[in-house]
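My structure is below; once you've seen it, I'll send some questions.
The values are calculated or read from the model by the stated rules, or taken from the named source; none is laboratory data. Every value quoted in this text rests on a predicted model; they were computed, and no experiment measured them. In this analysis, Cβ positions are derived from the backbone assuming ideal geometry, glycine residues included, and neighbour counts consider all displayed protein chains.
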Amino acid sequence: MTLPSLLIIGAMKAGTTTVFRDVELHPGVFFPLDKEPGNLLTNDVLTDAGRRAYERIYARARADQIGADASTTYSKRPTFEGVAKRARAVLGPETAIVYMVREPIARIISQHHHELSAGDFRQDRPEEASIDQCVRTHEHLAAYSRYAWQIEPWRDAFGKDRVRIVRFEDYVRNRAAEATAIWQLAGLDPKPELIDDAKSFNRSDTKRVARGRWKHVVNNPAYRKVVRPLLPRSIKERVRDTVLPKALPKAAPPTPETVDALIAQLTPDVERLGRLMGLPGPAWDLEEVRRTHHERYQQYSSQDADQHPPA
């Protein structure tokens, strides 16, 4: 039976859906109908029954196809630990690992918007739902942007040559070249002509988000393990676009004080990530990141003042 030999484990809101949709265009790649299968999250996959359940979602793969799994939950420490060791035990040491990363403050803002739209934060208490408060009370928001820390178990388990770290900003600048590198890492002949740079996927401002009773439906174990994997993507997308509400309008951006605090917290990790990627310096110019987000806050504040002038 087929099991994945390619894992896309990128950080949440770092372009993994775009990579997933690009990479699956290759006829030699088989993804399950369901993105984010998450089979490696628990020790169940180490049992005979758990392994068979993982194999079943690849039952339709042809003999000339490799299996692939795109699950951002695989790189969500400390929410889920031990995933890399389980992957090594179940899939073997030659598995190709692709880890997507994104400018860390922008990723945190996007995750906050996603979770706010999903009802994970108290919308009836704006002071508790603001990003300034949430990054202080919900540690996972910053933890998921600690990319070097997230990727270390994977490099320990598979070695640096089997783990490709890809910045989202680099990927969108040259999707065909980046997809080619991923296919080659997975042992496939590249087909860059299949990539359509004009297509974008999973944008936060247009995405439909499950909340309320729909959130209970889509998170129901029976739906996720039995129904969802069997539904063709076209049907799932049609139902999603018909019944699920749109994401909320974007919330206020983080204040300069919040941005500065996050940068101070994440600087050691950004510097270490640069070293892991073989770069001459940090993975991002954090002073440029600081200026960008300070300016965005000032623009937001100016617009808000124009819309609500003092009496």
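With 149, 154 as the choices, which residue is hydrophobic (A, V, I, L, M, F, W, C), touching a strand residue (DSSP E or B) at 6+ places or on another chain (Cβ under 7 Å) and at negative phi?
154
Yes or no: residue 109 over 17 Å from residue 155 (Cβ atoms), in contact (Cβ under 8 Å) with a residue 60 or more places away in the chain and of a type in the set (A, V, I, L, M)?
Answer is yes for this residue.
Is it the case, given these coordinates, that residue 122 is charged (D, E, K, R), over 21 Å from residue 20 (Cα atoms), modelled with pLDDT under 95 and not in a helix (DSSP H, G or I)?
It is true that residue 122 is charged (D, E, K, R), over 21 Å from residue 20 (Cα atoms), modelled with pLDDT under 95 and not in a helix (DSSP H, G or I).
When the residues of the stretch 154-174 are narrowed to those that are hydrophobic (A, V, I, L, M, F, W, C) and in contact with a Pro (Cβ under 9 Å, 6 or more places away or on another chain), which ends up surrounded by the fewest Cβ atoms within 10 Å (Cβ to Cβ)? Reasoning before the result, please.
First pass over the stretch 154-174, keeping only residues hydrophobic (A, V, I, L, M, F, W, C): 154, 157-158, 163, 165-166, 168, 172.
Those still in the list that are in contact with a Pro (Cβ under 9 Å, 6 or more places away or on another chain) too: 157-158.
Numbers: 157: 19, 158: 21.
Among them, the one singled out is 157.
Kindly indicate whether any position in the stretch 140-153 is crowded, with 19+ Cβ neighbours inside 10 Å, in contact with a His (Cβ under 9 Å, 6 or more places away or on another chain) and assigned to a helix (DSSP H, G or I).
yes
Which one is surrounded by the most Cβ atoms within 10 Å (Cβ to Cβ) among residues in the stretch 1-51 that are free of Cβ contacts under 8 Å to residues at least 60 places away in the same chain and of a type in the set (S, T, N, Q)?
Top of the filtered list is 39.
Exactly one of these conditions fails for residue 283: (1) closer than 16 Å to residue 142 by Cβ; (2) touching a Ser or Thr at 6+ places or on another chain (Cβ under 9 Å). Give me its number.
(2)
Among residues belonging to the stretch 52-80 that are touching a strand residue (DSSP E or B) at 6+ places or on another chain (Cβ under 8 Å) and over 15 Å from residue 98 (Cβ atoms), point out the one that is surrounded by the fewest Cβ atoms within 10 Å (Cβ to Cβ).
Ranking the candidates gives 62 first.
Can I ask one more? Keeping to the stretch 46-84, report how many residues are charged (D, E, K, R) and under 21 Å from residue 185 (Cβ atoms).
Here the count works out to 3.
I would also like to ask the following. Among the residues of the stretch 13-36, is any at pLDDT 95 or above, in contact with a Gly (Cβ under 9 Å, 6 or more places away or on another chain) and either closer than 20 Å to residue 155 by Cα or among the acidic types (Asp, Glu) (or both)?
No, the stretch 13-36 contains no residue that is at pLDDT 95 or above, in contact with a Gly (Cβ under 9 Å, 6 or more places away or on another chain) and either closer than 20 Å to residue 155 by Cα or among the acidic types (Asp, Glu) (or both).
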